[in-house]
Amino acid sequence: MIRSVVRGTGAALPRRIMKNADFEGMVETSDEWIAQRTGIRQRHIAADDETTASLGEAAARAALDNAGLTPADIDLIVLATSTPNNTFPATAVDIQNRLGMHHGFAFDMQAVCSGFVYAVTTADLYIRGGLAKRVLVIGSETFSRILDWSDRSTCVLFGDGAGAMVLEAGEGAGGIEDHGVLAASLRSDGAHKDKLFVDGGASTTGTVGHLRMEGREVFKHAVGMITDVIEATFSAAGITAEDLDWFVPHQANKRIIDASARKLGIAEQKVVVTVDLHGNTSAASVPLALSVAVADGRIKKGDLVLIEAMGGGFTWGAVLLRW
Ligand code: UT7
């Protein structure tokens, strides 16, 4: 059978780093509160010349280099973002053009923090359906542009960045030993749409709007939802937490990551954590964490890797891959 195999990963971060202490003069907060409640120590913030498209392009080029490929080898770009450069066209076609790619096709996916998990699942279906052979899957965000910088309950949590992955059609026997995407589980429930949203939009206010979140409410649902889709993914693949080599969760809050891993019985040393360095970068958080763990030699060929995310909508999901 056809499998969607990981050929390369890459990342890009804005030049400017903002430390927790840098918020202390802006809103009533402290390095201690942010670090203790979230695990975040710093985040990258985009300058005016750094956008979702430019960061996405840089991450895509890094992933192509890592794969030993060029844009000519790609036939589909799927960009997960909630902070597009423009309302339309899709930022994916902007990135396509920046890469000098005038063949194939490109589109954006909007599932907020779960965007990359949705995009990998979508790319896998295009590959297995025979519509694409090599797909650039990108998560790129500039959440700093939609933050209310006077709201301490949200502005300290998010950061900007991009991560990318090249998926390529390969052959598999159909079992758990295959390389590539092995199982996935996606969910959404719009009953929760007002717990994490942006209070503007093209069809309503005609403005971009600002991010609003009932943090405690999101927190309350997060661990249960995350562990549900992961258990569904484990059972679809016929594995248990013990079989995993690496757990690469969405990086929103270290307490959510720890509680999810504990509930699932995933050992602490198998969990990749980058929330301290990047904050919550929404759809970019999982591919950023993946590229850190690939670059430092933790994730190696043959490893069984689980990615997971949960966010606005709510949307949530998990994908199991063998590297
Ligand atoms: O990626 C999408 C998914 N998003 C998430 O996963 C976020 C989920 N939620 C969270 O991570 C946490 O709920 C937060 C980090 C947002 C908040 O942590 P918490 O432990 O749930 O705190 P809380 O909302 O219960 O607030 C505790 C107190 C409040 O004061 P009172 O009402 O107890 O007097 C807040 O006003 O902390 C206050 N507070 C702050 N204090 C200092 C809220 N933000 C800050 C701040 N600095 N930045």
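Checking the range 237-249 against the condition returns a match, with at least one residue being of a type in the set (Phe, Trp, Tyr) and crowded, with 19+ Cβ neighbours inside 10 Å.
Exactly one residue out of Ala63, Ala123, Ala119 is under 12 Å from the mean Cα position of the chain (by Cα), modelled with pLDDT of 95 or more and within 20 Å of Ser282 (Cβ to Cβ), and it is Ala119.
For the range 146-154, does any single residue satisfy the condition of being farther than 30 Å from Glu24 by Cβ and touching a residue at least 12 places away in the same chain (Cβ under 8 Å)?
Scanning the range 146-154 turns up no residue that is farther than 30 Å from Glu24 by Cβ and touching a residue at least 12 places away in the same chain (Cβ under 8 Å).
Which condition does Asn20 not pass, out of (1) more than 16 Å from the ligand (Cβ to nearest atom); (2) farther than 28 Å from Val305 by Cα, if it passes all the others? Among (1) more than 16 Å from the ligand (Cβ to nearest atom); (2) farther than 28 Å from Val305 by Cα, Asn20 violates only (1). Considering each residue of the range 196-211 in turn, none proves to be within 16 Å of the ligand (Cβ to nearest atom) and either part of a helix (DSSP H, G or I) or of a type in the set (Lys, Arg) (or both). Scanning the range 129-173 for residues that are polar (S, T, N, Q), more than 12 Å from the ligand (Cβ to nearest atom) and touching a Leu at 6+ places or on another chain (Cβ under 9 Å) turns up Ser140, Thr142. Can you find a residue that is open to solvent by 30 Å² or more (accessible area, probe 1.4 Å), in contact with a His (Cβ under 8 Å, 6 or more places away or on another chain) and not in a helix (DSSP H, G or I) anywhere in the range 55-78? Yes, the range 55-78 has at least one match.
Conditions (1) farther than 27 Å from Glu217 by Cβ; (2) open to solvent by 10 Å² or more (accessible area, probe 1.4 Å); (3) assigned by TED's automatic domain parsing to the domain that holds Ala46, marked per residue:
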site: Asn253; (1), (2), (3): no, yes, no
site: Lys263; (1), (2), (3): no, yes, no
site: Val271; (1), (2), (3): no, yes, no
site: Thr274; (1), (2), (3): no, no, no
site: Leu290; (1), (2), (3): yes, no, no
site: Ala293; (1), (2), (3): yes, no, no
site: Lys300; (1), (2), (3): yes, yes, no
site: Asp303; (1), (2), (3): yes, yes, no
site: Gly311; (1), (2), (3): no, no, no
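What number of residues within the range 147-193 are among the β-branched types (Val, Ile, Thr) and open to solvent by 10 Å² or more (accessible area, probe 1.4 Å)? The qualifying residues number 1.
Filtering Ser144, Ser185 for residues that are among the small types (Gly, Ala, Ser), outside the structural domain of Ala72 (by TED's automatic domain parsing) and in contact with a strand residue (DSSP E or B) (Cβ under 8 Å, 6 or more places away or on another chain) leaves a single hit, Ser185.
Starting from residues that are open to solvent by 20 Å² or more (accessible area, probe 1.4 Å) and of a type in the set (Asp, Glu), keep the ones in the range 28-54 and report whichever is farthest from Gly163 (Cα to Cα). If we take residues in the range 28-54 being open to solvent by 20 Å² or more (accessible area, probe 1.4 Å) and of a type in the set (Asp, Glu), then Glu28 is farthest from Gly163 (Cα to Cα).
The values are calculated or read from the model by the stated rules, or taken from the named source; none is laboratory data. Quick caveat: nothing in here was measured; it's all calculated off a predicted structure. Heads up, the Cβs are rebuilt from the backbone with ideal geometry, glycines too, and the neighbour counts pull from every protein chain shown. Surface areas here come from the heavy atoms of the whole protein model, side chains and all, with no ligands, DNA or RNA. Shrake-Rupley method; radii C 1.70, N 1.55, O 1.52, S 1.80 Å.
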